[in-house]
């Protein structure tokens, strides 16, 4: 984990606990990473081999492209970015918190329902926004 | 050689001026993927590029350049290889005020090795007025020690004319390479013979 930007360790711990709860509630989630908009990991849980730091950086780029494309297309703010792959689904959701925006990335295993992942990510976002 | 489209890349460390260079040159409003910068320890800058910058420029003679800027930080290295696909040339912006600008340059030389191998690379050194060391001669020596003959220019990327010189320099390298390839094709056995 990069150590510079997210210095509020108590808040980080609370968000980490929320990620654990999310993964417990949705067994199809194989990885979840919470990161800053510029790609630093804040908290993560993982059941896959991908480095959370790498996921955080890729999430930053992917969400930035989604936001820019939404804006250029006149669609206003980008709410989430979804990647449906042959062996699973990735959902990226932007969370506007009191201090700074964060990005949540959820990686769902093959067969995971998109609706379930979206619902879980939005529930998480609503709770994390109050942290 | 006119009426073609070419993709070129601006790369370099965070704060070296990639977004500024593309904004200075582009004839369309540049596309930006800036996000808030939370790493103020690394660079005192409100935003940073997370995916790419994009702009367009038509050169005299009708050739069009698609200008892409990369994110600077190494954690975004995966974007460098994505953006490098199909690129005919790279401009590396080096910030001479950083602690070790030659080491910075080495990172981009290594990561854009495929383009470096074609010779279509130009290096622009910024903030030389306030940070004269290393000098351009030191850059040339550093490159020669690595068997690289690459143009190195001083540039203030806030000035459009400076950026245009960089692009012209790079484009002349690309042009020479394209012409050499066309001549090689024409000389190849079995090439069509004109009337």
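Comparing B:156, B:104, B:129 in a Gaussian network model of chain B where C-alpha atoms under 10 Å apart are linked, the largest mean-square fluctuation is found at B:129.
Here the residues B:52, B:112, B:43, A:119, ranked from fewest to most Cβ neighbours within 10 Å of their Cβ, fall in the order A:119, B:43, B:112, B:52. So which residue, out of B:109, B:28, B:174, gets the largest mean-square fluctuation from a GNM of chain B using Cα contacts under 10 Å as springs? Taking springs between Cα atoms under 10 Å, the residue moving most is B:28.
Using alpha carbons only, the radius of gyration of the protein assembly as shown set against its Kirkwood radius gives Rg/Rh = 1.04.
The simple Förster model, with R0 at 41 Å and r as the Cβ-Cβ distance, assigns residue A:48 and residue B:47 a FRET efficiency of 0.85.
Overall, the anisotropy analysis places chain A in the rounded class: the square-rooted eigenvalues a ≥ b ≥ c of its C-alpha gyration tensor yield a/c less than 1.5.
Classify the stretch B:131-195 as rounded, prolate or oblate from the Cα gyration tensor: take a ≥ b ≥ c as the square roots of its eigenvalues, call it rounded if a/c is under 1.5, otherwise prolate when a/b beats b/c and oblate if not. Note, shape of the stretch B:131-195 comes out oblate. Among A:79, B:160, the order by Cβ neighbours within 10 angstrom, fewest to most, reads B:160, A:79. Let me make sure I get this right: for the stretch A:71-131, a, b and c are the square roots of the gyration tensor eigenvalues over alpha carbons, sorted descending. Under 1.5 in a/c it's rounded, otherwise prolate if a/b > b/c, else oblate. Which is it? Since a/c reaches 1.5 but b/c is at least a/b, the shape of the stretch A:71-131 is classed as oblate. Sorted ascending by nearby beta carbons within 10 Å, beginning with the fewest, B:65, B:164 become B:164, B:65. The radius of gyration of the Cα set in the stretch B:1-107, together with its Dmax, comes out at 14.2, 47 angstrom.
Antiparallel beta bridges, as assigned by DSSP with both residues in the protein assembly as shown, represent about 65 percent of the total such bridges.
Rounded to the nearest 500 deg cm²/dmol, what is the calculated helix-only ellipticity per residue at 222 nm for the protein assembly as shown, with -39500 (n - 2.57) per DSSP H run of length n ≥ 4? Roughly -12000 deg cm²/dmol at 222 nm, from the helical runs in the protein assembly as shown.
A short reminder: the numbers here are calculations on the coordinates, not readings from a lab. Since the structure is predicted, the reported quantities are computational estimates derived from the model, not experimental observations. Cβ coordinates were reconstructed from backbone atoms using ideal geometry, including for glycine residues, and neighbour counts include every protein chain displayed.
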